[in-house]
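Right, one structure below, let's go through it.
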Amino acid sequence: MKRAHDAGHDRLFSLALAIVALIPRLFVAVAWAREPVWDGHYYHFGAQRIADGLGYSEDVLRNGEALWKPWCHYPVGYSAVLGGLYKVVGQGLWVAPVFNALVGTLLVVVVHRLARYGLSPNRARAAGVVAALHPGLAVYSAVVMTEGLAALLLMLAPWVTLRLRRRWIWAAACGGIVLGLATLVRPSSLLCIPLLALCGPRSLKRALATLSIAGACALFTVSPWTIRNCVVMDGCALVSTNGGWNLAIGAKTETGRFRTLRATDGCPIVTGQVQQDRCWAAVGKREILRDPGRWLSLIPRKLAHTYDHESFPIEYLREADPASWHESRRVAGRNLLSLFHRLLLVAATLSTVAFVFRRTARREVVLAQGAVAVVWAALSLWAAVTIEHPFFILPALLPLVALLPMPGRPTYRPPLAFSLGLVLVTSVTHAIFFGDDRYHIVATPALCLLAAAALRRPAHDNAKKTSKLGQP
């Protein structure tokens, strides 16, 4: 009876959380939305073409005549969803931002519901509150980009898997389908399939079965789009044709960030998007093999651009509406978002530290956990006072420190293990390709969950409370 009562209260909290999250997101979506810029222009354009019944395509001029040409340079998922909305409610500039606001609100609720499988009720609520009040996630509502929808699907996959875990085959299949949808929005999401095994049965045999089922269902979900590409493009492409392009950028960049590729960089003759992507992939591989030391030396700079600050939403809004974002407002916005992001990174590192400073704690446990806390504090202080603010070192080390067999370390239940894995996947992906601070947005909800897990009880104490967790 008490469990049902607590579950009812938590559902009410989720509802209240949704309202708190929706208000700022809806305000941003309505007040700050402008003509989409940068990659947002192409997602919007692709959605318009889909809504007009022209498919994911563009028109090209040949001999003065406009010809229909299929497209798959960018992932189709976000544009496909927007295209459906444009077909129903029209193609106003407000549609995508309002959709983003609703996606962001649902993301906050999913963070709270997922956290309940790994944290105490109060800590789960804290995870939801941090996600709801995160200024970067709120401002992203006005940005016509894929990260918000991708983040929702990446958090939804483990929640679905845990929600259905008593029927583990069905759970693995549903989790795989959700990750398949995430792959259509952001192809690197496919790398998260192994993380679903952390949310399934604990036996190795069942974990491998979960991985196989989830992987098969994810690929099955993506397969209709892959088949379409094989039929209408100049070759087969799993989702999009920007993977080789991004690899070449990551190999040729001097700064660790995006740089425009030109024909003189290695692909002077292009016959189609798939051929172009394969050409750039070959260029990237040759560049890496020619000087692997240089490529490896770029990794800190790539991760720095990914994690050190949070400025992309403000820069996007300024590009779309320069008159409204004068320099002082731009700087203030960047500073606010970056400060919250950095504090979140610091808090997330403490998910690897157990609170052991009690009379009954063993001496070796206190020393081990105290040492980890001191290391994190020193790294955080160093990042704060150094001119470059190298906060990337925190998420880069976070999954590795979590694996250390330190005495008294806290327990990592499935939502926390998945979150750590998502941070690791994000870091590895952009260490290989290139960095930009918008790419950490997909891992921000996971960081919110990890921040709420800071300074938990050590493993032997958590074992006594296991029966009280994971029963939403």
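Just a few scattered comments:
- Matching residues, region 398-434, being small (G, A, S) and in contact with an Asp or Glu (Cβ under 9 Å, 6 or more places away or on another chain): G408
- Selection status of N100, surrounded by fewer than 16 Cβ atoms within 10 Å (Cβ to Cβ) and either closer than 16 Å to V442 by Cα or not small (G, A, S) (or both): no
- Test for T183: is it hydroxyl-bearing (S, T, Y), over 25 Å from P410 (Cβ atoms) and modelled with pLDDT of 95 or more: yes
- Residue within region 243-253 that is of a type outside the set (D, E), outside any helix (DSSP H, G or I) and either touching a Phe, Trp or Tyr at 6+ places or on another chain (Cβ under 9 Å) or over 20 Å from V60 (Cβ atoms) (or both) present: yes
For (1) over 22 Å from V143 (Cβ atoms); (2) within 24 Å of the chain's Cα centre (by Cα); (3) not β-branched (V, I, T), each residue gets a yes or a no:
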site: G250; (1), (2), (3): yes, yes, yes
site: F258; (1), (2), (3): no, yes, yes
site: T264; (1), (2), (3): yes, no, no
site: R294; (1), (2), (3): yes, no, yes
site: R301; (1), (2), (3): yes, yes, yes
site: P322; (1), (2), (3): no, no, yes
site: W325; (1), (2), (3): no, no, yes
site: F340; (1), (2), (3): no, yes, yes
site: S351; (1), (2), (3): yes, yes, yes
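- Qualifying residues in region 1-40 (those that are outside any helix (DSSP H, G or I) and closer than 29 Å to V76 by Cα) - the one modelled with the lowest pLDDT: A33
- The conditions of being touching a helix residue (DSSP H, G or I) at 6+ places or on another chain (Cβ under 8 Å) and either over 30 Å from G244 (Cα atoms) or part of a helix (DSSP H, G or I) (or both) are met by V425.
- Conditions (1) more than 30 Å from R125 (Cβ to Cβ); (2) surrounded by fewer than 17 Cβ atoms within 10 Å (Cβ to Cβ); (3) modelled with pLDDT of 95 or more: number failed by L61: (3)
- Residue in region 200-207 that is part of a helix (DSSP H, G or I) and buried (at least 24 other Cβ atoms within 10 Å of the Cβ) present: no
- Residues of region 175-199 that are farther than 23 Å from M145 by Cα and either touching a strand residue (DSSP E or B) at 6+ places or on another chain (Cβ under 8 Å) or surrounded by fewer than 19 Cβ atoms within 10 Å (Cβ to Cβ) (or both): P194 alone.
- One residue stands out in region 262-284 among those that are in contact with a helix residue (DSSP H, G or I) (Cβ under 7 Å, 6 or more places away or on another chain) and not in a helix (DSSP H, G or I): the one that is surrounded by the most Cβ atoms within 10 Å (Cβ to Cβ), namely C267.
- Of note, G118 satisfies the criterion of being small (G, A, S), touching a residue at least 24 places away in the same chain (Cβ under 8 Å) and outside any helix (DSSP H, G or I).
- Criterion: part of a helix (DSSP H, G or I) and under 30 Å from A383 (Cβ atoms) - qualifying residue of R301, R259, R228: R301
- A377 meets the conditions (1) touching a helix residue (DSSP H, G or I) at 6+ places or on another chain (Cβ under 8 Å); (2) at pLDDT 95 or above in every case but one. The failed one is (1).
- Members of region 81-97 that are surrounded by fewer than 19 Cβ atoms within 10 Å (Cβ to Cβ) and among the small types (G, A, S): G84, G90, G92
- Residue within region 441-456 that is in contact (Cβ under 8 Å) with a residue 60 or more places away in the chain, closer than 16 Å to S351 by Cβ and in contact with a strand residue (DSSP E or B) (Cβ under 8 Å, 6 or more places away or on another chain) present: yes
Residue-wise test of (1) surrounded by 13 or more Cβ atoms within 10 Å (Cβ to Cβ); (2) part of a loop (DSSP other than H, G, I, E, B); (3) in contact (Cβ under 8 Å) with a residue 60 or more places away in the chain.
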position: E319; (1), (2), (3): yes, no, yes
position: N335; (1), (2), (3): yes, no, no
position: S338; (1), (2), (3): yes, no, no
position: S351; (1), (2), (3): yes, no, yes
position: V365; (1), (2), (3): yes, no, yes
position: Q369; (1), (2), (3): yes, no, yes
position: V375; (1), (2), (3): yes, no, no
position: A378; (1), (2), (3): no, no, no
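The values are calculated or read from the model by the stated rules, or taken from the named source; none is laboratory data. What you see is a predicted model; the values in this text were computed from it and never measured. Every residue, glycine as well, gets a Cβ built from its backbone with ideal geometry; the counts of neighbours run over all protein chains shown.
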